[in-house]
Amino acid sequence: MRHPKGTVFGLAADSPAFQWVVLPLLIFVARIIDVTLGTLRIIFISRGRRFLAPLMGFFEVLIWLLAISQIFQNLRNPVCYIAYAAGFAGGSYIGMAIESRLAMGLQIVRIITKFFVPELIEKLKKAGYGLTILQGQGAAGPVTVIFTIVKRRDLPGFVDIIHAVNPKVFYTVEDVRMAKEGVYPLSPPRGMRGAFQRLLFLRKGK
């Protein structure tokens, strides 16, 4: 169905319904999209994705220009300001949620412990992780420091293994921009199947 010229969704562009409901909603949605793209763009830059980062930047700025142009055309409408700010907050949250689901990149894990060391090393090696092991001195005496690089999507399974051996183990996790020639386990299936396989692995190790 065609609408008369100067209307959107059948509403006149100067009608109260459009100015106070439809327009703020469009600005809100546009802002969510462009901030989500901006959040992903920053993440892709930190991951060295040279193609995806510029592509995200192009659409981010294009959508932002469309949203900000409507703000300037409706400076007397406070609802547009609220929609713009709410879209920024929502886009930041959604962008981080999407990135968390994608789980891209590598992370370095440092484990510092003086308990159950042989058992922990054995289980991590059986799971396919490459380890670098050092001896150190902690506040309460000698400790073993274990370094490894894991794929970010494999981190939950890795943490499950070390917690199964020692629930109170101390470890730190940091992002890694790039690593070459690493030793990584075959990634287990994700979702319910992956969780079931990790449970079987942990039960076998008891």
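Numbers for the structure displayed
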{"item": "Among residues of segment 42-78, those that are of a type in the set (D, E, K, R) and either surrounded by fewer than 14 Cβ atoms within 10 Å (Cβ to Cβ) or part of a helix (DSSP H, G or I) (or both), counted", "result": "3"}
{"item": "Test for residue 37: is it more than 30 Å from residue 159 (Cα to Cα) and crowded, with 16+ Cβ neighbours inside 10 Å", "result": "yes"}
{"item": "Every residue from segment 42-95 that is among the aromatic types (Phe, Trp, Tyr), closer than 17 Å to residue 19 by Cα and in contact with a helix residue (DSSP H, G or I) (Cβ under 7 Å, 6 or more places away or on another chain)", "result": "84"}
{"item": "Residue within segment 119-136 that is in a helix (DSSP H, G or I), surrounded by 15 or more Cβ atoms within 10 Å (Cβ to Cβ) and either assigned by TED's automatic domain parsing to the domain that holds residue 40 or touching a Ser or Thr at 6+ places or on another chain (Cβ under 6 Å) (or both) present", "result": "no"}
{"item": "Residue ID - surrounded by the fewest Cβ atoms within 10 Å (Cβ to Cβ), chosen from residues in segment 137-163 that are of a type in the set (A, V, I, L, M) and assigned to a strand (DSSP E or B)", "result": "145"}
{"item": "Residue match in segment 70-82 (condition: closer than 30 Å to residue 177 by Cα, touching a residue at least 12 places away in the same chain (Cβ under 8 Å) and not charged (D, E, K, R))", "result": "no"}
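The values are calculated or read from the model by the stated rules, or taken from the named source; none is laboratory data. Note that the coordinates shown come from a computational prediction; the quantities given were computed from them, not determined experimentally. So basically every Cβ, Gly included, is an ideal-geometry build from the backbone, and we count neighbours across all protein chains shown.
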